[in-house]
Amino acid sequence: MKEALLQFARYNIWANKLMIDTLLKLTAEQLDMEITSSFNTIRKTVQHTYAAEYIWLQRLQLVENPVWAGNDTDMAIADVCADWLKVSEALAAFVEKQFDDRALEHVVQYYNMQKQLFKTPVYQVLQHTFNHATYHRGQLITMLRQAGVTKIPSTDYIKMIWKN
């Protein structure tokens, strides 16, 4: 289980880097163009995806009062992307330092944004976090096309495997 989660953590970093390389080339108009999706701009989608990874990392690190970073939409896109990449790397480091699969089966207790208590095994939190990022990267690809971007990276998992 650890090796599979570590592979997905590395994939998450790789795919996020590809996406970030594209995002950093966008104009403010493209970042803030109204597009129908879960979040109505590319900037808000990026901010949400970063913030979600960050809050899950904090929960895994047993931070008593985790901070939701998703509301700071005034942050420069370069800063959001740099923070997003740091969090993705911290998630991989978290998986790496787990001694064995038993540590990944540990149940972590946390509160959601509505102050409801949940208990979830670490491996399921990690699976959710990586899957959630994949979901929003897919949305970003569609949003990028609508914003006129023609050079869009393929972030398919198998593409990373083929490169290694």
> Given springs between every Cα pair under 10 Å in a Gaussian network model of the chain, which of 43, 59, 145 has the largest fluctuation?
Replying inline: 145
>> Could you order the peptides 15-28, 66-79 from most to least packed, using the average number of other C-beta atoms within 10 Å per residue?
In response: 15-28, 66-79
> How big is the Kirkwood radius of the chain, worked out from every pair of different alpha carbons and given in Å to one decimal?
Replying inline: 16.4 Å
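How much length is gained on full extension from residue 117 to residue 131, taking 0.36 nm per residue of separation minus their Cα-Cα distance? Write out the running numbers ahead of the final one.
Values: separation 14, 0.36 × 14 = 5.04 nm, distance 2.19 nm.
Taking residue 117 through residue 131 to full extension adds about 2.9 nm, to one decimal.
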> Which of 44/151; 115/159; 2/115 have a Cα-Cα distance over 32 Å?
Replying inline: 115/159
> So, counting K/R as plus one and D/E as minus one, what does the shell of residues with Cβ under 13 Å around residue 119 add up to?
Replying inline: 0
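Bear in mind that the values in this text are calculations on the coordinates, not laboratory data. Everything numeric in this text was worked out from a predicted model, so none of it was measured. Using ideal geometry, Cβ is built from the backbone for each residue, glycine included, and neighbour counts are taken over all protein chains shown.
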